[in-house]
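The structure appears right after this line, and notes come after that.
The values are calculated or read from the model by the stated rules, or taken from the named source; none is laboratory data. Quick caveat: nothing in here was measured; it's all calculated off a predicted structure. Here the Cβ positions follow ideal geometry from the backbone for every residue, glycine too, while neighbour counts run over all protein chains shown. Calculation scope for accessible area: heavy atoms of the full protein, side chains included, ligands and nucleic acids excluded. Shrake-Rupley method; radii C 1.70, N 1.55, O 1.52, S 1.80 Å.
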Amino acid sequence: GSAPAGLPRRACAEDPFGHAHLQAEGSARGRAAAGGGEPAGDPDGFAGAMAKAEGLLALADAALAGGDGAQQAMGLQAAEGGLVEAQRLAKTQEEVAAVNEITVKVRLAKAMMCVQHGNEALAKATVDEILKVFPENKEAKSFWEGVQRGSSGQQTAGQQEEEEEEDVDEEMLQASLATGESSLDLRATMDAFNKRSRSAKSSAGGAAPYAGLKNEGATCYLNAVMQALFHLPALRRAVYKIPSSPALPGELPSVPLALQRLFYRLQSSQEPQSTTELLASFGWDSDEMMLQQDISDFCHMFFDRVEEAMRGTVVEGEVDRLLGVQTEFMDVAPDVDWSKSHVDMSMVTMLHGVKECKDVYESLQLQVRPEIIEGYDTETHGKQIVQRSHKFKSLPPILLLNINRIDFDPERFEPVKLNDRFEFPEELDLSEFVVDWDKGGKAPEGYRLCSVIVHMGTAQVGHYICYVRPAQDSNFIKFDDDSVSCVPKSEALDDNFGSDAPPFGGGMEGLLMSRQTLQRLKSAYMLVYVRQDRWEEMMNITGIDEDVPDHVRNARDSEDFSLG
């Protein structure tokens, strides 16, 4: 049987699956959906949603030749978003069948991406999901048979030539965009950018002696967060102390065990490591693995899981001790003798006001500015005018700051990324934001920047990377999935402040951009600071190998888990 037109041509030597046809047709339909050509019906209706999904699938398919799973996953994720909308708008059996056909193509493209990156277990789970819904689907069966025969490793001569290219000529890109002859999306741009960056790694300081993390589909956000947390030795030691035991045959590993094993592999090897085991411990299926998450939401979920595992053990409350920020909220009615306060605990502190504020300090000043509430029911004194304010009550040794760069566009009725310039310092002094500091209280020591998690892209599609200053290194290290390199401090800080250029919108328009615009889409999302008076304690790696549980140290590596 033949595979669907959306199957990447790396699966066969002669492109019998119609890849070239789909690329041309899908790009044209994608441009039409974005208003760049003859629309395929109502651009806001079913035909428009299908055209956009098909165009994005074609673009994702074409970018597979770059070999970057993270970037291909962005296009596939965007295509699935279009399919969700098309499914909602489908009214006839023919339209439902059309949605199903493209959905199978997207799923098979996902499976091929997994095969390309050596994750046949996830590819098999994806194919099984297709066959669960469509038991007689010939394309899925044929694809998996081809994988088993090893045919997925074959390439066309044309594709091999594409993979040998190390750069994309800027003049050609600009010309093709100007004439509308090419639908170059963010992922294709980033393919070229990453190829060039990796080939120039030696001139920027060379490879670093640290292990990267494989991208398991769309897990760049998880990779960035894991690298930032792993390079906090105090947190790593706490994780090693969580009681865990080897998983029984056929059972999924617990979150503590999977995390301990991942940290130990990063600690003991310089080879790229897989996060499949950790993902499996979350109970996620292959669809959830392919869905890129917001790093703030992921951090909250992750810390909840870790705290739950620590409960009732020798490390109970350790996450709060290391990362917990206590914020005191105070309500005061100035006209009567009434006040009320409460304290909240959080692991991640949000920084708002990116459009209005130039840096971290202005954002915090905006947040602690008193708010006037009229008609507040004080219960004992009836309704009063109340002044509400808040400050930090206590600050932890490790501080996580999440820069809120997502806003909602009411005209497009969709989220947009704010790429406005927002500076953050290498050394941070929070004295003015702490309760009673202005009354002679004990001032917290300053904080020193340890990690910067960066997002490149729009609110719809993007890629996360992480810059870390490890405990044993005075330089910053760039972790871009499995690519690891030393970089100058300016790349970790100044280059990630963002740009005051207007933010890009969503949809296909936001995907059509040249390589020169890439830096305007690169900005810091999360900052990790460590208190300077606790730096040695938090970052000390002496004897950390002795903290690794024996069953973790001696376990045989295994990355085959059922994710369905």
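Restricting to segment 293-347, count the residues that are free of Cβ contacts under 8 Å to residues at least 60 places away in the same chain, crowded, with 16+ Cβ neighbours inside 10 Å and part of a loop (DSSP other than H, G, I, E, B).
Going through segment 293-347 one residue at a time, the tally reaches 1.
Quick one: residue 354 ticks every box in (1) touching a helix residue (DSSP H, G or I) at 6+ places or on another chain (Cβ under 9 Å); (2) of a type in the set (A, V, I, L, M, F, W, C); (3) not in a loop (DSSP other than H, G, I, E, B) except a single one, so which number is it?
Among (1) touching a helix residue (DSSP H, G or I) at 6+ places or on another chain (Cβ under 9 Å); (2) of a type in the set (A, V, I, L, M, F, W, C); (3) not in a loop (DSSP other than H, G, I, E, B), residue 354 violates only (3).
Restricting to segment 362-392, what's the tally of residues that are closer than 23 Å to residue 449 by Cβ and among the basic types (Lys, Arg)? Explain how you work it out, then say what you get.
Narrowing segment 362-392 to residues closer than 23 Å to residue 449 by Cβ: 362-368, 391-392.
Filter once more, so that each one left must be among the basic types (Lys, Arg): 391.
Qualifying residue count, segment 362-392: 1.
Within segment 366-411, which residues are of a type in the set (S, T, N, Q) and at positive phi? Show your work before the answer.
So in segment 366-411, the residues of a type in the set (S, T, N, Q) come out as 367, 378, 380, 384, 387, 389, 394, 402, 404.
Matches in segment 366-411: none.
Listed residues 432, 426, 371, 411; which is touching a Leu at 6+ places or on another chain (Cβ under 6 Å) and over 25 Å from residue 297 (Cβ atoms)?
Details: 432 fails: touching a Leu at 6+ places or on another chain (Cβ under 6 Å); 371 fails: touching a Leu at 6+ places or on another chain (Cβ under 6 Å); 411 fails: touching a Leu at 6+ places or on another chain (Cβ under 6 Å).
Just one listed residue meets the conditions, 426.
Any idea how many residues of segment 444-465 are under 19 Å from residue 534 (Cα atoms) and among the hydroxyl-bearing types (Ser, Thr, Tyr)?
2
So how many residues does segment 462-521 have that are part of a helix (DSSP H, G or I) and modelled with pLDDT of 80 or more? Steps first, please.
Kept after step one, since they are part of a helix (DSSP H, G or I), are these residues of segment 462-521: 489-492, 494-496, 509-511, 515-521.
If we keep only those that are modelled with pLDDT of 80 or more too, we end up with 489-492, 494-496, 521.
Count: 8.
Can you tell me how many residues in segment 225-280 are open to solvent by 30 Å² or more (accessible area, probe 1.4 Å), of a type in the set (A, V, I, L, M, F, W, C) and either modelled with pLDDT of 95 or more or not in a loop (DSSP other than H, G, I, E, B) (or both)?
0
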